[in-house]
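Remarks on the structure that follows.
A short reminder: the numbers here are calculations on the coordinates, not readings from a lab. The model shown is predicted, which means the values in this text are computed figures rather than measured ones. As a convention, Cβ positions derive from the backbone with ideal geometry for all residues, glycine included, and neighbour counts pool all protein chains shown.
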Amino acid sequence: MKVGFIGLGRMGTGMAADLLKAGHAVTVYNRTPAKAQGLIDRGARLAHELADACRGDVVITMLANDEAVEAIVFEEKGLLQSLGRGAIHASMSTISIALSEKLTGAHTSAGQRFLAAPVFGRPDAAAAGKLYIVAGGAPDAFKACLPLFEAMGQKVLHVSDEPRAANLIKLSGNFLTASILEALGEAMALIGKAGIDRRRYFEILTSTLFTGPVFTNYGMLIAERKFEPAGFAAPLGEKDIRLTLAAAETLRAPMPLASLVHDRFLRLLAHDGEQLDWSAIGQLAAKDAGLDV
């Protein structure tokens with residue numbers, strides 16, 4: 001398929017490379033063109049203007065936040081003006097429910113199609129084509145994009161005809177992960193205060209009841225206190241919990257734990273944690289307990 005790819009951060013670069021490996025014709029666009037060089041060397045075409053990435057069947061956006069997506073879509077000569085009738089915008093970013101609804105309406109009015117297809121997985125999973133992709137949107141649009149999603153993910157789930165449903169599932173999943181990060185940090189601070197080796201504790205946890213990837217991957221980072229380089233930066237974690245709380249407020253669904261976790265992210269960012277992985281909130285409990293970190 002002819003596909004445009006917009007957003008070449010650590011996630012987007014790996015995802016675009018997966019599409020090239022699968023034989024798709026990929027045109028890449030990024031505000032900083034130099035980030036595209038590695039993909040160009042693998043056969044991607046560079047779009048010098050955003051409109052050049054909108055000539056194919058599908059355009060994928062993988063951007064950091066709502067503001068970046070809105071700028072790309074709604075600016076003059078942006079995605080909304082440049083995408084052809086019937087073409088598909090597949091937003092794979094983690095965005096708010098409000099923006100998902102806005103994008104759905106705008107693309108429908110323009111005679112285009114919109115899919116929300118956020119992903120679960122870190123940059124190493126993106127590079128290996130092992131993401132989990134949760135898609136929402138019309139079945140025909142999903143079917144058209146399925147070969148692309150299968151190139152990037154190990155599992156693809158179509159959850160609803162409404163794009164916003166996929167975005168809400170993604171936000172709720174990130175809330176659960178962040179809650180586990182906080183819980184792991186508190187548990188490790190407790191055993192650390194008692195003089196128990198946290199690495200041994202991690203081995204016990206992940207070889208018995210807590211064998212899932214969130215515990216094994218993030219638990220190791222917290223046990224080893226390895227928060228740089230960030231696979232998923234702390235400001236993005238704060239953003240996702242903030243968007244979860246915004247959705248909860250709209251739906252009148254109290255989430256007291258999400259409020260607590262959001263405050264933990266704010267504390268991390270207030271203490272120069274912008275460059276750290278979001279799992280660094282698991283270190284806060286150790287500081288609170290007076291442990292040397």
Quick calc: nm separation of the 7 Å Cα→Cβ label points for THR208 and ALA106 -> 5.1 nm
Taking Cα atoms only, helix 256-270 is inclined relative to the longest principal axis of the chain by an angle, in degrees rounded to 10, of 90 degrees
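Give me MET1, MET255 ranked fewest to most by other Cβ atoms within 10 Å of their Cβ, as a rough exposure proxy.
Details: MET1 16, MET255 19.
In order of increasing Cβ crowding within 10 Å: MET1, MET255.
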Additional length obtainable on full extension of the chain from LYS287 to LEU251, 0.36 nm per residue less Cα span: 9.4 nm
Ranked highest first by the average count of other Cβ atoms within 10 Å around their residues, in what order do 32-44, 151-163, 52-64 fall? 52-64, 151-163, 32-44
Can you give me the distance in nm between label points at LEU269 and ALA22, each placed 7 Å from the Cα along the Cα-to-Cβ direction? 3.3 nm
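Given only helices, namely DSSP H runs of n ≥ 4 each adding -39500 (n - 2.57), what is the per-residue ellipticity at 222 nm of the chain, to the nearest 500 deg cm²/dmol? Could the numbers behind the result be given before it?
Numbers: 13 runs with 146 residues, N = 293.
Value at 222 nm, helices only, nearest 500: -15000 deg cm²/dmol.
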Roughly how many nanometres apart are two label points built 7 Å out from the Cα toward the Cβ at PHE74 and LEU190? 4.6 nm
Given unit charges at Cβ for Lys, Arg (+) and Asp, Glu (-), the dipole magnitude of the chain about its Cα centre in debye, nearest 20, is 520 debye
